[in-house]
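Colleague: Sharing a structure below in C-alpha cells format, with a few things to ask.
The values are calculated or read from the model by the stated rules, or taken from the named source; none is laboratory data. Quick caveat: nothing in here was measured; it's all calculated off a predicted structure. When we count neighbours, we look across all protein chains shown, and the Cβ atoms used for this are built from the backbone with ideal geometry, even at glycine. Ligands, DNA and RNA are stripped out before the accessible areas are found, and what is left, the full protein with its side chains, is counted by its heavy atoms. Shrake-Rupley method; radii C 1.70, N 1.55, O 1.52, S 1.80 Å.
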Amino acid sequence: MEPVVGLQSSCAVSSFPTVEIWQDVLAQAVTGELIAAMNYTSLSEICDDPEEVADALEHAGIERGHAARFAAEGRRLGVAVQNNVEGKHWKKLREAFLRCIAARDFIGCLIVQEIMLESFAVASYARVGRVGPGTLGRTFSAIAAEEEEHIDHAMEILRAERARDVQGFDEKMYRLHLEVMTTLAEMLTKECRTGHCEVCHGTCVKPALFDISLSAAELRGASLQQYLKTLDMLGLPGEVTLQWVTQLPV
C-alpha cells in the first residue's frame, strides 16, 4: 500500500467551538481524496492509450489538489488535519479498486471510482458545504461541483459499455455494489459496529455532527440518492437498483 501523504499542520487546536468536529470531517475528506488520487494513479498503469494515461494522471493531480485544499481549511481553523489511507473502511475501498486493477478491468475501475466513490463525495460535500462556516463551506461546495464533473466524464464510456452487453454490465455493477457500497454505507451507519474508523482523531465524530447541523443519516441518504440518480443515468432499472440500496447496512 502506498504511504500516507503528509498534509498535517503543526498549528495548535483553535478555540472555535466546533473545531474538533470539523477536524474529523476534514480528515475523512482528505483521506478520501488521497484514496482517489491513488486510484487514478493505479488506473494510469493499466491504460494502453497514452491519452487515457494522461487523463488518469491529470485526475490524480486534481484529487491531490482537493486534499491540499481541505488541509488548508484545517490550518485556517488552527488544527492538524490527519489522514489515514490505511484506515479500516478506506483500506477496504482501496483494496476493492486494486482487485479491478489486478484484473485489468478498466470498466470496473470506473464504476468503483467514478460512480460509487464520487457519488458519495458529491452528495456529502454538497451537504457539508451548506453548513460549513466561511471559506470552509465554500471549499466543500466548490469541490463537490468539481467531483460531479468526474461523474459526467465517465458516463459516456459506461453507457456505451452497457449498450454492448446489458446483462454482463449489470452483473458486474451488482457485484461491485455488494463489495463497495456495503463499505460506504457502513461508514455512515448510525453507530460504528466494527469499532473505530482509524481516521477520526478521537472518538467517532458521527454523534457530534448534530452540533454542526448535520447527521450521518442525512449524509447517507443524500449519498445514496446521488448514487441512485447516477445508476438511473446509466439506464439501470430503478426498481432493481432501489432494491439493491434497501439491502445496505443502516
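Colleague: Can you tell me how region 82-210 classifies by the Cα gyration tensor, rounded, prolate or oblate, using a/c under 1.5 as the rounded cut? The partial results should precede the final answer.
Modeller: On the way: a/c = 2.35, a/b = 1.44, b/c = 1.64.
Taking the square roots of the gyration eigenvalues as a ≥ b ≥ c, region 82-210 is oblate.
Colleague: Further question on the same structure: May I ask you to list the aspartates and glutamates whose Cα is less than 13 Å away from that of LYS88, ignoring any residue fewer than eight positions away on the same chain?
Modeller: Partners found: GLU186, GLU198.
Colleague: Relative contact order (percent) for region 93-250, with alpha-carbon contacts under 8 angstrom and 6 or more residues of separation?
Modeller: Computed value for region 93-250: 30 percent relative contact order.
Colleague: Here's another thing I want to ask about it. Could you size up the charge dipole of the chain around its Cα centre, putting +1 on the beta carbon of Lys and Arg and -1 on that of Asp and Glu, and report it in debye to the nearest 20? Spell out each step's value before the answer.
Modeller: Details: 23 positive and 36 negative charges, 204 e Å.
With only Lys, Arg, Asp and Glu charged at Cβ, the dipole is about 980 debye.
Colleague: By accessible area of protein heavy atoms, probe 1.4 Å, what ranking do GLU51, GLU114, GLU146 get, highest first? Numbers along the way, then the final one.
Modeller: Working: GLU51 145, GLU114 5, GLU146 55 Å².
Largest to smallest exposure gives the sequence GLU51, GLU146, GLU114.
Colleague: For LEU242 and THR194 in one chain, what is 0.36 nm times their gap in residues minus the Cα-Cα distance, to one decimal in nm?
Modeller: Details: separation 48, 0.36 × 48 = 17.28 nm, distance 2.56 nm.
Result for the pair: 14.7 nm of gain on full extension.
Colleague: For LYS229, go through the lysines and keep the ones whose alpha-carbon is under 21 Å away, minus same-chain ones fewer than eight residues off.
Modeller: LYS172
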